[in-house]
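Working notes, structure below.
The values are calculated or read from the model by the stated rules, or taken from the named source; none is laboratory data. Please read all numbers here as calculations on a predicted model, not as lab measurements. Neighbour counts are summed over all protein chains in view; Cβ atoms, including those assigned to glycine, are modelled from backbone coordinates with ideal geometry. For the accessible areas, the whole protein counts, side chains as well, though only heavy atoms, and no ligand, DNA or RNA atoms are used. Shrake-Rupley method; radii C 1.70, N 1.55, O 1.52, S 1.80 Å.
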Amino acid sequence: MIAAATMPAMDRRVETKRGTVMQFRPHPGQWRAWQSDARFVLVLAGSQSGKTSMTSWWLRREIQQKGPGDYLAVSPSFPLLSVKFFPELKRILQTELGLFKFPRSAKPDSPAELTRRGELLLWGKPQDVPTFIRFGHADNPDSLESMTAKAVVCDEPGQKRFRLQSWQAIRRRLSIHQGRALLTTTPYDLGWLYQHFWQPWLAAQQRGERHPEIDIINFRSIDNPVFPREEYEATKLTMPAWAHAMFYDGVFQRPAGLIYDCWDEDNLIAPFEIPVNWPRHLGVDFGGVNTAGLYLAEEMAPNGGEATGRYIAYREYHAGNVTIGQHATDLLRGEPRIPHAVGGSLSEHQWRRDFAAEGLPINEPSIGDVEVGIKRVYAAVKTKRLLAFRTLSGFLDEMGSYGRVLNDRFEPTDKIDEKSRYHKLDACRYVGTSIFGNVTGFERVTGDDADRLAALGWG
């Protein structure tokens, strides 16, 4: 961590557009985030706690330290970028400090440009290389490609629309300069942010170590001095404890409505080489832009034994805008034989015919009802018949965020939230209707878990 005494004075006290002095006055939670020298700083905080308001100042400091070039500001969706994040950045960096000239609206092809006056204020002389803040929304990972960024600020990456693929694209943009990222959000589910940031950081903390890249700063809504304590206490009385902890304390909780709420650490295993003799199964979700696949290996007992009734997700696939022939080739690449494949809804016959013509026959699901399929997968998760390699980041992100829409009392409804985004879980459900409803040898795996795992060499 950077000691407070070593922070440059210009970082918090700067000349404004009007020639007066403006000072960033952080509250203690913001100050901890400001001091962090980690490459990726995740601020997990309650609503209206001052997450977004510190972003402009952090980005200004980063630009001053890293020099001319491209910088990136990302929101979960275009509406959120336009309504919230973009105006706040513009207010500080253009209206108050007079450093940048912002476009009229936030567009990926219309960046904010550092003015000549801004160059003089930041570095004392004009620069040969221009400096831009480019805008992107994580609902569309393509809007984040084809640039090299020196630093990035991400607003509300915990929301469902801020996809794992988008964070992966952002990290690629930072690779050349090994740039830093500030991510500020309220937690919403147990998806990729929980799995890729919180869990590794917490594991390092529990070992008494510092994570090599990640720092997590947490503060509550009431840590912001202007947030009314009466409001905090009133919402605490009227909201479920899990919801209040997430939305006002910035703490990860298992939210109501999480569909696979029984998925936990015991469903995860370290990757290993799948024996050639184990049967392979493949679930496929069709789509022009999002074709997804999930591969399951059917575990066989050692020394030529019978099936144990467990299935291990060992590989995932996601691609778009390629031919069916290319999909078929990629889906079969590396597999010892053509897997038993199930995919698509009952009406998607043409997709199956086209895949079969390319050498990958795909069966239709045994049942078409989505809720029945979910129940079959849920039973396999609950009884630990479905396990997954820890490395399946896309599948695990979907497992941790797949949930029901909540009503105004925070109670789950029948509607699945953002259902069309969960391609790998749809693939899992399609193949699950075939293999989880009638599992060979299931009666052999419902006894004592410890003894069974030890006998199979997993304990």
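In the full protein context, region 263-315 carries 37 Å² of accessible surface per residue, based on a 1.4 Å probe and ignoring ligands, DNA and RNA.
Kirkwood radius and radius of gyration were both taken over the C-alpha atoms of region 250-303, and their ratio Rg/Rh is 1.09.
For region 377-408, the residues whose backbone nitrogen is under 20 Å from a point 7 Å from the Cα of E371, taken along Cα to Cβ, are 377-382, 402-408. Relative to the compact globular guide of 2.2 N^0.38 Å, what is the alpha carbon radius of gyration of region 295-407, as a ratio? That works out to 1.20 for region 295-407. The H on the amide N of A341, modeled in the peptide plane, is under 5 Å from the matching H of L282, N363, each at least 5 residues off or on a different chain. With each label modelled as a point 7 angstrom along the Cα→C-beta vector, the M239-S146 pair spans 4.1 nm. The length gained on full extension between Q178 and I269, counted as 0.36 nm times the residue separation minus their Cα-Cα distance, comes to 29.7 nm. Annotation for D261 and A357: the two label points, set 7 Å from Cα along the Cα-Cβ direction, are 4.6 nm apart. Where (i) 1.89; (ii) 1.01; (iii) 1.10 are the candidate values, the label of the one calculated here for Cα Rg over 2.2 N^0.38 Å is (iii). Using a probe radius of 1.4 angstrom, the carbon and sulfur fraction of the accessible surface of region 81-179 is 47%.
For G98, the residues whose modelled amide H falls within less than 5 Å of its own, excluding neighbours fewer than 5 places apart on the same chain, are K17. Helix 229-238 and the longest principal axis of the Cα set of the chain meet at an angle near 20°.
Considering helices alone, the calculated mean residue ellipticity of the chain at 222 nm is -8000 deg cm²/dmol, with DSSP H runs of length four and up weighted by -39500 (n - 2.57) and normalised per residue.
Look at the alpha carbon pairs under 8 Å that are at least 6 residues apart: their mean separation over the length of the chain gives a relative contact order of 15 percent. Over 17 Å, how big is the tail of the calculated P(r) for region 163-240, in percent of all Cα pairs? The share of Cα pairs beyond 17 Å in region 163-240 comes to 62 percent.
Each Lys or Arg adds one and each Asp or Glu takes one away; over the other residues whose Cβ falls under 10 Å from the Cβ of A341, this sums to +2. Remark: C-alpha extents of region 40-82 on the principal axes read 32, 22, 17 Å, sorted largest to smallest.
When the alpha-carbon atoms of region 136-179 are used, the pair Rg, Dmax equals 9.8, 28 angstrom. Entry note: region 184-223 has Rg to Rh equal to 1.00, where both radii use alpha-carbon atoms and Rh is the Kirkwood radius.
Taking the 1.4 Å solvent-accessible surface of region 293-437 as the whole, the part contributed by carbon and sulfur is 50%.
When you filter the trypsin sites (Lys or Arg not before Pro) in region 267-334 for DSSP loop state and at most 13 other Cβ atoms inside 10 Å of their Cβ, you are left with R333. Over all Cα atoms in region 30-135, the spread is summed up by Rg and Dmax: 13.8, 42 Å. Spin-label model, T329 to V129: label points 7 Å out along the Cα-to-beta-carbon direction sit 3.8 nm apart. Note on K101: aspartates and glutamates with a C-alpha under 19 Å away, same-chain residues under 8 apart excluded, are E15, E62, D70, E88, D109, E113, E119, D128.
Here region 173-288 is treated as an ellipsoid with the same Cα gyration tensor; its semi-axes, largest first and in whole Å, are 34, 22, 16. Amide H to amide H distances under 5 Å link I416 with V405, where only residues 5 or more positions off or on other chains count and H is placed in the peptide plane.
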